[in-house]
Amino acid sequence: MVEIGKLLTEGKGKRVYETNDPDTAVVYFKDEALAFRGLKRGRILGKGEVNNAVCAHLYEMLHQHGIRTHFIRTLDARQSLVHRCEIIPIAVKVRNRVAGSLAKRIGLATGTKLDSPIVEFELRDEYLDNPLINGTHAAALHLATQQEMRYIVDTALEINRIVSEYMAEIGVELVDFKVEFGRWDGQIILADEISPDTARFWDSRTHEPMDIDRFRRDLGNVEQAYQDLLHRMMGE
């Protein structure tokens, strides 16, 4: 039986707790929503349950394709049991279309389809405003070896392929997503989450967002968009 202990860390969309097993942790998905470095705050009812279910569904699918992740199993509607790993402080972003900050940085219109995916890295340091870095920074700062970074890039691109193909089958386009990786049992594994909080999902026909952008941009129907995405994934 899993016994939940003290809070280990808390982010924008989830809390992580220790358990009675030092090798595992419990992730609790919250309804609270933050945007623009915390300047915009709100609550999306049911978001935590949707994110928990979406992430579990995708991570189980990735397991079937040979992608190693920290996910073990769901505990209830909002909580999942995961391997407790050493997080590499690098956020990995994979982009299939121009959206968000990328539009400002490269001068292409939002929604522009990229000929090939872009992979970007951010140093996870809020005091430095999470600056963009590259693989040589990671090696010089002893965050990850060159071999580890190659594995992370290859794995992120494979995740992109798998999830993009799956989403296309249910009328959804994966525009971009952000993940983190960690070290566990001598190997690099996917950690963090893939959910409407950390990825842009667009309806393939209308290009309407089905993710946190509806909250960021005051588009309305945020809860419904999250639920619609989950219903499609569940075949409902």
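If you average 1/r over all unlike Cα pairs in the chain and invert the result, what Kirkwood radius do you get in angstrom? Mind dumping the intermediate values first?
On the way: mean 1/r = 0.0546 Å⁻¹.
For the chain, inverting the mean 1/r across all distinct Cα pairs yields 18.3 Å.
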* Asked: Per 10 Å bin from zero, what fraction in whole % of the C-alpha pairs of region 36-96 is there, up to the bin with the longest pair?
  -> 17, 38, 39, 7
* Order by neighbour count: 61, 234, fewest other Cβ atoms within 10 Å first, most last. => 234, 61
* Asked: Cα convex hull of region 113-182: how many Å³ per residue?
  -> 114 Å³
* Structure fact -> Restricting to Cα pairs under 8 Å and 6 or more apart, the percent relative contact order of the chain works out to 17 percent
* May I ask you to evaluate 6.51 cos²θ - 1.76 cosθ + 1.60, the Karplus curve with θ = phi - 60°, for each residue of region 52-62 and list the ³J(HN,Hα) values in order in whole Hz, giving x for glycine and proline? => 4, 5, 5, 5, 4, 4, 5, 5, 5, 5, 5
* Assigned charges on the beta-carbon of Lys, Arg, Asp, Glu; region 49-129 dipole about Cα centre (debye) -> 240 debye
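For region 1-53, state the semi-axes of the equivalent ellipsoid (square roots of 5 times the eigenvalues of the alpha-carbon gyration tensor), sorted largest first and rounded to whole angstrom.
Semi-axes, largest first: 25, 13, 7 Å.
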* Structure fact -> Any residue on another chain or 5+ positions along whose placed amide H is under 5 Å from the amide H of residue 87 is listed here as 183
* Toward the positive end of the charge dipole of the chain, about the Cα centre and with charges on Cβ (Lys, Arg +1; Asp, Glu -1), which of 206, 11, 48 goes farthest? -> 206
* **Residue-wise HN-Hα coupling along region 108-119, computed from phi with Karplus coefficients 6.51, -1.76, 1.60 (Hz; x: Gly, Pro)** => 9, 5, 4, x, 4, 6, 8, 5, 8, x, 9, 10
* Asked: Amide H neighbours of residue 170 under 5 Å, counting only residues 5+ apart in sequence or on other chains, H built in-plane at 1.01 Å?
  -> none
* To do: DSSP loop (so not H, G, I, E, B), at most 12 other Cβ within 10 Å: list which GluC sites (Glu not before Pro) in region 1-96 pass both filters.
  => 3
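No lab work stands behind these numbers, since they all come straight from the coordinates. What you are looking at is a predicted structure, and each value in this text was computed from that prediction instead of being measured. Glycine gets a Cβ as well: all are built from the backbone with ideal geometry, and neighbour counts include every protein chain shown.
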